[in-house]
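We did not get these values from a lab; they are worked out from the coordinates using the rules stated. Computed from a predicted model, the values in this text were never measured in an experiment. Neighbour counts are summed over all protein chains in view; Cβ atoms, including those assigned to glycine, are modelled from backbone coordinates with ideal geometry.
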């Protein structure tokens, strides 16, 4: 799955379940890359409860995707 496909899935998940974007981001990430999910949960990038972390989490994930996670 490409980063762009991941973002589309997060967007649709957020809309379909009426979740905050950070919740959708982490739930989708958990299903696709559980090891990356665990890494983010244990850092200051976790956007699940802190929506302000979404942009830095997306930057990190985009960079990781370029480096093939």
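Restricting the range 1-13 to residues that are farther than 16 Å from residue 69 by Cα and in contact with a helix residue (DSSP H, G or I) (Cβ under 7 Å, 6 or more places away or on another chain), the residue that is surrounded by the most Cβ atoms within 10 Å (Cβ to Cβ) is 10.
So that you can scan it fast, the table gives a plain yes or no per residue for (1) surrounded by 17 or more Cβ atoms within 10 Å (Cβ to Cβ); (2) in a helix (DSSP H, G or I); (3) over 10 Å from the mean Cα position of the chain (by Cα):
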{"site": "15", "(1), (2), (3)": "no, yes, yes"}
{"site": "29", "(1), (2), (3)": "yes, yes, no"}
{"site": "38", "(1), (2), (3)": "no, yes, yes"}
{"site": "48", "(1), (2), (3)": "yes, no, no"}
{"site": "53", "(1), (2), (3)": "yes, yes, yes"}
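For the range 17-24, the count of residues that are surrounded by fewer than 12 Cβ atoms within 10 Å (Cβ to Cβ), touching a helix residue (DSSP H, G or I) at 6+ places or on another chain (Cβ under 8 Å) and assigned to a loop (DSSP other than H, G, I, E, B) is zero.
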